[in-house]
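The values are calculated or read from the model by the stated rules, or taken from the named source; none is laboratory data. Everything numeric here is computed off the predicted structure, so don't read it as measured data. Here the Cβ is made from the backbone with ideal geometry for all residues, glycine too, and neighbour counts use every protein chain on show. Just so you know, the surface numbers come from the protein's heavy atoms only, side chains and all, with ligands and any DNA or RNA stripped out. Shrake-Rupley method; radii C 1.70, N 1.55, O 1.52, S 1.80 Å.
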Amino acid sequence: MKMIIHDLDQQEYAAWAEAPQEDVTVISDNGTIRHCTGCFGCWVRTPGVCVLKDGYQNIGELFSKCDELMIISKCVYGSYSPFILNVLNRSISYVLPYFSTQSGETHHRKRYDHQFALSVHFYGEGLTEAEMETARKLVAANSVNLYSTGNTVYFHNSLQAAKEVLA
């Protein structure tokens, strides 16, 4: 399964995306997502499932079923948009609360014996080299923490430019 997480409004995404595909899960802002409260309920009370019941409580499980995760986000000071950041925060149930050391760094242990390819498409006009470098480093760190098979990062001046690349 391919998963697309995007911060576009529904009209933008409909104009941007091709016809709905059978094996694609799309996560977008329907206005109901709540912010992660850092309660660790997804690790302690309901392992693997967020305790906030807003339609986004199974993000970690969805990650465990995808072969490819594509993120489409406005680049905000070298990071993701607030909605994308919130979805990633809510996906912490994808990993376990226990730690291991890898290459001298501390990381959460895997909950699932699964990996996916990660691609991130940042859009926005006038991105600086510093913003793009920060974004590349962020995605690389996310790739390690999510145990992805690797990552690719793209920068687009506009949504139209992104659509042309992805078409």
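Values as computed for the structure displayed
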{"quantity": "Filter pass, residue 55 being in a loop (DSSP other than H, G, I, E, B), of a type outside the set (A, V, I, L, M, F, W, C), at positive phi and exposed (fewer than 11 other Cβ atoms within 10 Å of the Cβ)", "calculated": "no"}
{"quantity": "Some residue of the stretch 96-103 being in contact (Cβ under 8 Å) with a residue 12 or more places away in the chain and open to solvent by less than 50 Å² (accessible area, probe 1.4 Å)", "calculated": "yes"}
{"quantity": "Matching residues, the stretch 38-76, being among the small types (Gly, Ala, Ser) and closer than 29 Å to residue 122 by Cβ", "calculated": "38, 55, 60, 64, 73"}
{"quantity": "Subset of the stretch 1-17 (residues that are modelled with pLDDT under 90 and either touching a helix residue (DSSP H, G or I) at 6+ places or on another chain (Cβ under 9 Å) or at positive phi (or both))", "calculated": "12, 15, 16, 17"}
{"quantity": "Search result, residues across the stretch 135-165 that are surrounded by 15 or more Cβ atoms within 10 Å (Cβ to Cβ), aliphatic (A, V, I, L, M) and farther than 19 Å from residue 76 by Cβ", "calculated": "146"}
{"quantity": "Output for the stretch 1-28, where each listed residue is part of a loop (DSSP other than H, G, I, E, B), open to solvent by 50 Å² or more (accessible area, probe 1.4 Å) and closer than 19 Å to residue 66 by Cβ", "calculated": "18, 20, 21, 22, 23"}
{"quantity": "Flag for residue 71 being in contact with a strand residue (DSSP E or B) (Cβ under 7 Å, 6 or more places away or on another chain), open to solvent by less than 10 Å² (accessible area, probe 1.4 Å), within 23 Å of residue 152 (Cα to Cα) and in contact (Cβ under 8 Å) with a residue 12 or more places away in the chain", "calculated": "yes"}
{"quantity": "The lone exception for residue 84 - which of (1) surrounded by fewer than 16 Cβ atoms within 10 Å (Cβ to Cβ); (2) modelled with pLDDT of 95 or more it fails", "calculated": "(1)"}
{"quantity": "Residues of the stretch 75-112 satisfying the condition of being in contact with a strand residue (DSSP E or B) (Cβ under 6 Å, 6 or more places away or on another chain) and under 19 Å from residue 156 (Cα atoms)", "calculated": "75, 80, 81, 84"}
{"quantity": "Boolean, residue 92 is open to solvent by less than 70 Å² (accessible area, probe 1.4 Å) and within 24 Å of residue 9 (Cα to Cα)", "calculated": "no"}
